[in-house]
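Reviewing the structure listed below.
We did not get these values from a lab; they are worked out from the coordinates using the rules stated. Because the structure is a prediction, the values reported are computed rather than measured. All Cβ positions, even for glycine, are placed from backbone atoms using ideal geometry, and neighbour counts span all protein chains on display.
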Amino acid sequence: MNRGGISLTAADEMGSSQGDDGRYLYAVVLASEAKDLGEIGVDKRCVYMVPSGNLAAVVHACPPSPYDLKAEAVHERVLEHSYVLDVATVLFGTVLPFSFNVIVRGSDQTVEDWLSKNRSQLRDQLFRLKGHSEYSVQLYCDEEALRTRVAIIDEDTVDQNKVIENATRGSAYLRKRGFELKIKDAVSMEISKVADEMTNHVRSISLEMKVEGGSSSVPEQYKKMRRVANLTCLVDADKIGMLGSALDHINHMDGFSVRFSGPWAPFSFVRLKEIMQ
Amino acid sequence: MRPERDTPLVDLLDRLLVRGAVLSADLIITVGGVPLIGLSLRALIASMETMLDYGLMEDWDKSTREWYSSRSIQKPIPEGEVLFQSFGYLWSGSEIHGWRPGVLYLTENRIVIWRRNPPDMLMDLPVSSILCLEKEIDISPRMLSDDASEGPQIINIKHRDGTVRIRLREYDEFYRVLGRLSFPRIAAPT
C-alpha cells in the first residue's frame, strides 16, 4: 500500500513541514479489508481504506492542516472529493460522507480507534441509509404564464372587462385593482396547491424528506422563474421510477417546472452529531 | 422524469461545503482524547451568499455575483442562528387589509417576517413576549377546497402587546421548533 510514497506538489511541500500526520476523511463504509483505491483523491493523493472490524474509513494521508478555501484549486478539489465518494459508493454501496476539508490529526491508528469507539452508531447509520440515496427536488413556476392561465379560467374575467370598460375612470381603476389582487391571490393559491401536492408525493415515497431554505443555487435555465419548493429526500433505489413518474406529472403542468437531481451521497441525512461533539 | 447529475458545480459545493456531512461541527473536536480537526465549513461558509462574501466564486459565476450584489443590501440582519425559516404571510389590518408575504425567520430570541422586495421588516417579535398560539379555522371558500387540510394554517400569536396573525404552511415544524426553545407557557394550539 502506497501510503507514504505520495508525490507532493510545490505548494504541498511548503505546507507539509509537519509531515503527513493527518488523515483527510472522505467517508465511512461497510467493508472489512484494507484496499488501495489509487491516486484519485484531492490533489491526486492516494486514497486508501483504514478498516476496523467490518467498518472502514476512506482516507488519504496529508499534513494536519486544512486546504485553503480561497485557493484557485478549491473547486477542482471539491470535484475530486466528490469523485472519491462516487467511487466508494460504487464499490461499497452506502457511504457516510464527510464534508470537504475534514482532517483527523493523527495516524491510521487514530482513525481505527475512532471507528472502533463509535462502531455501533456508525453501523446504525449505515444500515439506516442502506440502499438509499439523496435526491434534490425543486419546483419552479413561471408566474406570468400562471397569471394568464388563472385569468382565462376565471369566469368573471370577461364580465369584469366589460364592467371596467363601461365604468368611470376612478371606478374602473378600483375595479381593475381589485381584479388584479384577485388574480394574484388565485396564483398564490395555485402555487401553494401544486407545491403541496409535490411535497406530499415526495414525502410519501421517501424514507426521509427535508424542506430546504432558499440559499442553494438556481441554475441558469430557471433564472427567470421563481422557486417555490426546494426539497431534499432520501429515497430507496427501487422507488426512483415511482418518484420520477410523480414528478413528471407536475412537470407537465402549465406554468411549472420540476428539477430533479441526484443521486448524491446522503449528505443531508447523516445523524452523527452526538458522537462528533 | 429521471434524476440528473450534470448539475452546476455550485450544486456540488452546496452539498460538500454548505451542508457538510459528518464531523463538520467544530474547529477542533476531541473524541475519546483523540484530537480531531473537523474544519467547519459550516462556520466559514454558512450559505452560498457567504461563499460569495469570501470570494470563493470570484471567477466562476458572474451573474450570481451580480444577483447577490443587487440584493445584499436587502438582507435582514440575522440575530443568532436561524432555527426555522419559511415563506409566510402577515395579516395587515391597518392601511391595507390583506396578507403581506415575506419570509418568516425564527431564531432563539425573535420571530421576524422579512419582505425582500421592497425590503421591509414586516414583523419583529421577541420570543420571550409570546403568551400563546392559537390556530384559526379559515372558512373562506378557497380554504374549503379539497386540499384545505394541507393548506397554510392561520395562527394568532398572542403576545404581551397584542396579537399578530400569520399564515404559514409548515406550521407543525414551526411549532415544534418554537416548542424546543423550552417555553412551556406556549400551550399546544387548538
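Rank-order A:233-246, B:166-179 by packing density, defined as the average count of other C-beta atoms within 10 Å over each peptide's residues, highest first.
B:166-179, A:233-246
Which of the residue pairs A:Lys210/B:Lys135; A:Lys130/A:Lys193; A:Lys184/A:Lys223; A:Lys184/A:Lys224; A:Lys224/B:Lys158; A:Lys130/A:Lys223 have a Cα-Cα distance greater than 28 Å in the structure shown?
Beyond 28 Å between Cα atoms: A:Lys130/A:Lys193; A:Lys224/B:Lys158; A:Lys130/A:Lys223.
Work out how far the C-alpha atoms of region A:75-211 reach from end to end along every principal axis, then list the three figures in whole Å, largest first.
Its Cα atoms span 86, 33, 24 Å along the three principal axes.
5 Å is the cut-off here: which amide hydrogens, built 1.01 Å from N in the peptide plane, fall below it relative to A:Ile40, excluding neighbours closer than 5 in sequence?
The answer is A:Val47.
Long-range amide H contacts for B:His159: which residues qualify at under 5 Å (H placed 1.01 Å from N, peptide plane, sequence gap of 5 or more or a different chain)?
For B:His159, whose amide H was placed from the backbone, the distant partners under 5 Å are B:Leu131, B:Val164.
Once you have a ≥ b ≥ c as the square roots of the Cα gyration tensor eigenvalues for region A:41-114, tell me rounded if a/c is under 1.5, and otherwise prolate or oblate according to whether a/b is larger than b/c.
Cα axes put region A:41-114 in the oblate bin.
Name the long-range amide H neighbours of B:Met123: under 5 Å, sequence gap of 5 or more, or other chain; modelled H, no Pro or chain starts.
HN-HN under 5 Å from B:Met123: B:Ile113.
What order, most packed first, do the peptides B:157-163, A:56-62 have when packing is the mean number of other Cβ atoms within 10 Å of each residue?
A:56-62, B:157-163
Work out the FRET efficiency for B:Ser128 and A:Asp36 from their Cβ-Cβ distance, taking R0 = 60 Å, and round it to the nearest 0.05.
The pair B:Ser128/A:Asp36 has a calculated efficiency of 0.55.
Let a ≥ b ≥ c be the square roots of the eigenvalues of the Cα gyration tensor of region A:174-256; is it rounded (a/c under 1.5), or, if not, prolate (a/b larger than b/c) or oblate?
Here region A:174-256 falls in the prolate category.
Hey, rough spin-label estimate for A:Lys184 and A:Ala167, points 7 angstrom out along Cα→Cβ, what's it come to in nanometres?
About 1.6 nm, to one decimal.
Run the simple label-point estimate for B:Met1 and A:Leu79 please: 7 Å along Cα→C-beta, distance reported in nm.
Using points 7 Å along Cα→Cβ, the separation is 2.5 nm.
Between A:Ser65 and A:Ala145, with labels modelled 7 Å along Cα→Cβ, what's the label distance in nm to one decimal, could you check?
It works out to 5.2 nm between the two label points.
Per-residue Cβ counts within 10 Å, from other chains only, averaged over A:102-110: what number is that?
Going residue by residue through A:102-110 and averaging, the value is 4.
What ³J(HN,Hα) values, in whole Hz, does the Karplus curve 6.51 cos²θ - 1.76 cosθ + 1.60 give for region A:220-237 when θ = phi - 60°, with x put for Gly and Pro?
Couplings: 3, 5, 10, 4, 8, 10, 10, 7, 10, 7, 9, 10, 10, 9, 10, 10, 5, 3 Hz.
Once you average over the residues of B:165-173, how many Cβ atoms of partner chains fall within 10 Å of each Cβ?
1
Starting at the first residue of region A:263-269, write each ³J(HN,Hα) from the Karplus equation 6.51 cos²θ - 1.76 cosθ + 1.60 with θ = phi - 60°, in whole Hz, x for Gly and Pro.
x, 10, 4, x, 4, 8, 10
Over all residues in A:135-146, what is the mean tally of Cβ atoms on other chains that come within 10 Å of each residue's Cβ?
1
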